[in-house]
Amino acid sequence: MQRLEWDEGMSVGVEAIDNDHKQLLALINEISDAIDRNKAPAVIEDVFAQLEAYVVEHFSREEALMRQCRYPDLKAHIKQHRQFTAKVPELKRELLNADSTEVAAEINLFLFDWLMNHIVGEDMCFAQLAHDSGLSTKKQRKPSRLRRMTAWLGNRLTLGRRIFLTALIPIVGVSLLSVLVLWISFQRFYHVQQLMGVTAIVQEINDLSHQLQKERGLSAGVISSEYAAFKPSLQSQRQQTDQAVTDFLDQLQGLPELDPLLATQIQITRQKLDELAGLRDQIDSGSLTVIQSLGYYSTLIDSLQKIPEGTLKLEMDSDLVNSMTAYTALLHMKEAAGVQRAIGTQAILQGEFSPGLYQRYASLIGEQRSFSKVFNQFVSPEQQKLWQAHIQGPAAIRMQGFESLIDRAIQEDRLAMLDSQRWFEVTSARIDGLKTLADQLGEVIDARATQQVSELKWGLVITTITLMIILSLTILLSWLLNRSVIDPVRRMTRAMTRLAEGERDLRFTDHFARDELGRMAAAYEECRRSLLRADVASTVSNHRQQVELQARIREKERFRVLASTDPLTGAVNRRKFTELAENEIERAERYKRPLSVMMLDLDHFKRVNDTYGHAAGDDVLRMFYQTCYGKVRSTDVVSRLGGEEFAILMPETDLKQALELAARIRYAISQLVVKVGTRDRVNTLTVSIGVTAWDVDQAQTISDMLEQADQALYYAKESGRDRVVGYDEHCQLETEKTRALDV
């Protein structure tokens, strides 16, 4: 019988349960050894008693452990325990009453199968639960914090969700980065659009501030001359200023949404422009001084110039920043020149500078030089050439000459002798030149802003498309990577499940990288091949065992046949004949059915042996049996009782039917041709037959029937042989001469 050794892979991690399993294995192996060595039934019964007691003890300990760790299938487990506990005494009885090694082998295999199913199929199910409940006695290293964290995630998130999150996080990151890039690009585009809105009114601001500067100068002249000079020019200038205000306000209507600071500054400018009409009335009524009028106009112009200055806070490229810086410097320079014009006009008309006014006049000249340096620093080489042409032009030269003239007139106290109208014209010419430069620079700023808006717009479109492509590719690649992990894992899971169910046909034909999945596929294939080899080996072993078992069965059957048949003729021997006849007599008596027996004896058989030898005699006996066997039914039994004496048992046959069969057999024997050596010799054989039928009043056993048949046979012999004699129911012999009977 086979033996099974303990393997540490069978351990469930609880020492007490593992020790129980080892003890159960030892007891089953002891039963196997007892069967193999044909030990006394008392030994087998003792081992079974130990097994039965230890099974109960083990089940009790195991159920207590399951209750402690709250095993969910406890009831089903207890039911299985009770079934096997009741099965052990039954197995013991079967083994002790077994009359063949096959039954013992089946019981032994059943015990091994149960133990393996109990350990691997049942107890392994709660091994993890026992470990999680802290009941495992197997020593393990304390996992690291990282291992605990990954185990925590693995316990709460499925593999699909973990891979999904692994793919989702980069997608979210790329999405947020894309949104950030788009937001930054949009903000730049928004700021440049605001700049475009401001640059669209730069020309209007330049025109309006220029007209206000003229109006300021003329207003100063009118007030200083006590309304004697510049009055017509002032009225004409006011009309030009109003037109510039209208154009400016109209331009504001089409502006996009602006930065709050710029919007506030424009609103302040609007309010000051609304106060312009009241200021003019005060000037016309003579209720304002020159200083007051200059202050208002300067405040209004300064408010206008702060609008372009506010664009410097917007995000723009360096060229635009430089251009806007130069533009605001040019506006401040022009404003300083305009204030200088107004102060100079007032001083010439009054013949002197009022206290502190000359210092203001001189500081304005210095401011213009400072703004000139700033302008020259931030403009392009082409604009620097235009600037050089301006400061070297006639208007600038005349302005410098008139400033020198004023300085000498102040020193010589001849300021009143200068022409205020001429001063106004000279300064206005220079301011007009500055305005021309400002207009040109404004056009450059507008062109650059338009170009930048176009570039940013296309950049925003390209950035959006690029980010969408990147995001789409990221999602696609993440999905593909997700599927490249999930699909093989799912396929391997199905393959392992089928492998565990006994199917060995599924194999992976895909090529995997040399990574964990590749090693898993290789391990699966190796496991599949090992199981296939084990299946083949098991099949070969089982086949060998079946062949050996069939050989033993055939050998046993051969011995059984040899023990119940005559070795020479193949007929049933006397012992088997008696056994079969007793069964038929019992059936005939119970069911009142007919039964007959005939005895046959070859006439003068000794002559055959003496004449032709014993070999020929053996051939005659075999031919005699074959002839008899060919005439009887399949339910009849032909037996050789000894020598040349045979008997035939005929169930469901009465005396008449038996006599008819005996006559046919006698005739067939008389027609036999015996071949001796290399020549055929016709030797007439005859047989004498005695027939009797079952009668409960005359015969109780087969011996009684054989005795009756023997008496009839004796009478046939005495009557001349070659005949059939029946034993009648009145114990009288009847003889039938059947030589001429043709069957």
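Tabulated data for the structure shown
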quantity: Fully extended contour minus Cα-Cα distance, from Tyr358 to Met417, at 0.36 nm per residue; calculated: 19.5 nm
quantity: For the stretch 399-490: accessible area per residue (Å², 1.4 Å); calculated: 56 Å²
quantity: Potential extension, Asp132-Val374 segment - 0.36 nm per residue separation minus Cα distance; calculated: 79.2 nm
quantity: Between the stretch 453-495 and the stretch 366-391, the Cα center-to-center distance that results, in Å; calculated: 54 Å
quantity: FRET efficiency, Glu501 to Ala42 (Cβ-Cβ, R0 41 Å, nearest 0.05); calculated: 0.40
quantity: Segments 277-285, 203-211 sorted - mean Cβ within 10 Å per residue, highest first; calculated: 203-211, 277-285
quantity: Radius 13 Å from Cβ of Glu718, net charge of other residues (Lys, Arg +1; Asp, Glu -1); calculated: -1
quantity: Positive-end residue, the stretch 42-84 charge dipole about Cα centroid, Cβ charges, pick of Ala53, Met66, Phe84; calculated: Met66
quantity: The stretch 210-300 - charge dipole about Cα centre, Lys and Arg +1 at Cβ, Asp and Glu -1, debye rounded to 20; calculated: 300 debye
quantity: Surface share of carbon and sulfur [accessible, 1.4 angstrom probe, percent] for the stretch 609-724; calculated: 44 percent
quantity: Accessible surface of the stretch 390-537 [probe 1.4 Å, protein heavy atoms]: carbon and sulfur percent; calculated: 60 percent
quantity: Arg145, Arg70, Arg528, ranked by accessible area, largest first (probe 1.4 Å); calculated: Arg70, Arg145, Arg528
quantity: Highest-first arrangement of 322-332, 14-24, where packing means the average Cβ count within 10 Å; calculated: 322-332, 14-24
quantity: By average C-beta atoms within 10 angstrom, highest first, the peptides 465-477, 436-448; calculated: 436-448, 465-477
quantity: Heavy-atom accessible area per residue - the stretch 568-690, 1.4 Å, Å²; calculated: 49 Å²
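The values are calculated or read from the model by the stated rules, or taken from the named source; none is laboratory data. This one's a predicted model, so the numbers in the text were calculated from it and none came from an experiment. Methodologically, a virtual Cβ is constructed for each residue, glycine included, from the backbone with ideal geometry; neighbour enumeration extends over all protein chains shown. Remember, those area values only see protein heavy atoms, side chains included, never the ligands or the DNA or RNA. Shrake-Rupley method; radii C 1.70, N 1.55, O 1.52, S 1.80 Å.
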